[in-house]
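Data first, discussion second: the structure below is written as structure tokens.
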Amino acid sequence: RQFPGPKPEDWIRGSLSALRTRGTMPQWLLAQREEFGKVFQLWFWHRRVVVVTDLDDVKYILVTKNWPKTPAFISAFGSLSRLGIFVASNEVHRVRRRAIGQVFHEELFRKLHSELEVDGKRFIANLQAKHGVVFDLDTELIRLTLSIILRVSFGAETRILDGEEDGLLKMMRRFLSGAFKNVARYPFSRLLPGRKQFDQATQELMEYTRRILKRQRELRSQMTTPKGDLLDVLIELSDGDDDYIVSEIVTFMIAGHDTTSHTLSFLVKELAEHHDVRNRLIQEIDQLLPDGGLPSFEQVKKLNYTTCCWKEALRLHPVAATGPSRIAPESSVLPSSKLFIPKGTELLVPPYVIHLDDSNYPEAKSFRPERWIDNNKRPPVMAFQGFSSGQRNCVGQFFANHEAVFVLSVLYWHFRVDLACDPADVEEFHAFTMRPRVRTSNVPLVLPVRVEPRRGHTAPVAS
């Protein structure tokens, strides 16, 4: 009763009955924050959830206390929840995170940057073949980022970029859709419609990954020196448990492709609306890459304005918009709001709401990459939750940033990219993660675009 918040409209769905439009949970949470303040409560079915966006309280939950993820969130991943780092207990997470972090960092990607270039060439060739036609860029970016995570992290050669493994994309969409329903329906999800399809998608993903693991074991048995990638670390951590390795690979596949691809799509949409920003981004890319459109590792690091555009897209359209929920393992008082949190309370720290708060970012709802240029004017650290904060922040954030800037430089060096719809019709749609969607029903594509090769630029030959 001490918490403000909307009154539940009915006993069954609680506050969720006020969510009138499918896919708009982040925007609805933002509206509740604007009405009730930075800390408020909701009822999800029978469960009380406290939404926290005050930065000092956010730091207390994520960093100071590092409260664990809730059973509801863990349940989203079904049979993967027992093993993967994303949902592991704090004690298990600490050990695995330390081991993975020792290899999953800048030096690994410096060494494996050439693998990124292989997929970059194939991506260029695919887009050249689509010259003159309208196509879905979001799907192409999903294929690219999924191919990259499998190649760079696990050494896997796939035909994803050629469109020959779209069954994998369908599996992952079914998995993410089911994961969203699992959270919303907890603890009754196993009893309700849709769970069978989710379990089937999970098993199909794990079988696909077992085939990758089997092939990589065969290849690596013939190597004289270790490859030194993430898979080598997982094999060492597994103590012979292949189910653990499979769970981690699937976790990285899900977390490592969906977020990057959709954020890139949102950024393409913003650049289509903000021609001055697009022109400045292209100018930087052209100046740094005068002779070719495949940047080296060091050149990617020098694309400062392009990086600012990427970070602004992460802020304005955070794909993990509502964030994972946490649970208070003991009773406590939030340091800033002074509100008492009883033991067992679920808490939600939604990046979307934090990122679109004018007290954290002037003109928060505007696309302004320049806000990231001046270090003296940057927002408080806790105001950016694109990769979460604390011990459970995203272990792959350097990889995601490097990959995204690489892809942007390749895309805009080689092509002029135009939306094939009104940019105002591209909206945010949330279902576990947030992706773009065209509002008009007669356009079946997520992000319809046309591309034109830029004059005088010749793409490298795909290998």
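Details
- Any chance Leu42 is closer than 14 Å to Pro8 by Cα and in contact with a helix residue (DSSP H, G or I) (Cβ under 9 Å, 6 or more places away or on another chain): yes
- Look at (1) open to solvent by 50 Å² or more (accessible area, probe 1.4 Å); (2) assigned to a helix (DSSP H, G or I); (3) more than 17 Å from Thr307 (Cβ to Cβ) and you find that Met382 fails only one, number (1).
Here's the yes/no breakdown for (1) farther than 25 Å from Val395 by Cβ; (2) not small (Gly, Ala, Ser):
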position: Trp43; (1), (2): yes, yes
position: Arg47; (1), (2): yes, yes
position: Val50; (1), (2): yes, yes
position: Val63; (1), (2): no, yes
position: Pro68; (1), (2): no, yes
position: Ala72; (1), (2): no, no
position: Glu91; (1), (2): no, yes
position: Ile100; (1), (2): no, yes
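- Selection count where residues are under 15 Å from Ile100 (Cβ atoms) and in contact (Cβ under 8 Å) with a residue 12 or more places away in the chain, scope region 236-249: 7
- Applying the condition of being in contact (Cβ under 8 Å) with a residue 40 or more places away in the chain and hydroxyl-bearing (Ser, Thr, Tyr) to region 142-182 and asking which residue is surrounded by the fewest Cβ atoms within 10 Å (Cβ to Cβ) yields Ser177.
- Figure legend. Inter-residue proximity from region 193-219: first residues within 14 Å of Gly167 (Cβ to Cβ), second residues not in a helix (DSSP H, G or I), beta-carbon distance below 7 Å, spacing 6+ or different chains. No pairs are indicated.
- Of residues in region 4-40 being touching a residue at least 40 places away in the same chain (Cβ under 8 Å) and among the β-branched types (Val, Ile, Thr), the one most open to solvent (accessible area, probe 1.4 Å): Thr24
- Inclusion of Ser79 among residues that are touching an Asp or Glu at 6+ places or on another chain (Cβ under 9 Å) and more than 25 Å from His317 (Cβ to Cβ) is warranted.
- In region 218-250, the residues that are outside any helix (DSSP H, G or I) and loosely packed, with under 15 Cβ neighbours inside 10 Å: Ser221, Gln222, Met223, Thr224, Thr225, Pro226, Gly228, Asp239, Gly240, Asp241
- Hits in region 340-378 (condition: open to solvent by less than 30 Å² (accessible area, probe 1.4 Å) and assigned to a loop (DSSP other than H, G, I, E, B)): Thr345, Val349, Pro350, Leu356, Asp357, Asn360, Tyr361, Ala364, Phe367
- Residue check for Thr307: farther than 21 Å from Asp357 by Cβ, of a type in the set (Ser, Thr, Tyr), assigned to a helix (DSSP H, G or I) and open to solvent by 50 Å² or more (accessible area, probe 1.4 Å): yes
- Counted residues, region 178-199 - those being assigned to a helix (DSSP H, G or I), touching a helix residue (DSSP H, G or I) at 6+ places or on another chain (Cβ under 8 Å) and of a type outside the set (A, V, I, L, M, F, W, C): 7
- Any chance Val417 is in contact with a Leu (Cβ under 9 Å, 6 or more places away or on another chain) and in a strand (DSSP E or B): yes
- Within region 140-147, at least one residue is among the charged types (D, E, K, R) and within 19 Å of the chain's Cα centre (by Cα).
- Out of Thr307, Thr345, one residue alone is of a type in the set (S, T, N, Q) and within 21 Å of the chain's Cα centre (by Cα). It is Thr307.
- Scanning region 1-40 for residues that are at pLDDT 90 or above, part of a loop (DSSP other than H, G, I, E, B) and of a type outside the set (D, E, K, R) yields a count of 4.
- Take the conditions (1) on the phi > 0 side of the Ramachandran plot; (2) modelled with pLDDT of 90 or more; Gln128 misses just one of them, which is (1).
- Filtered by the rule that a residue be under 21 Å from Arg435 (Cβ atoms) and either in contact with a Gly (Cβ under 7 Å, 6 or more places away or on another chain) or open to solvent by 60 Å² or more (accessible area, probe 1.4 Å) (or both), region 183-214 gives Gly194, Gln197, Phe198, Ala201, Thr202.
- Qualifying residue in region 137-158 (condition: in a loop (DSSP other than H, G, I, E, B), at pLDDT below 95 and over 23 Å from Thr260 (Cβ atoms)): no
- Residue count for region 174-210 under the criterion of being touching a Phe, Trp or Tyr at 6+ places or on another chain (Cβ under 8 Å) and over 24 Å from Leu16 (Cα atoms): the result is 3.
The values are calculated or read from the model by the stated rules, or taken from the named source; none is laboratory data. What you see is a predicted model, and the numbers here were worked out from it, not measured in a lab. All Cβ positions, even for glycine, are placed from backbone atoms using ideal geometry, and neighbour counts span all protein chains on display. All accessible areas refer to the heavy atoms of the entire protein, side chains included, with ligands and DNA or RNA removed. Shrake-Rupley method; radii C 1.70, N 1.55, O 1.52, S 1.80 Å.
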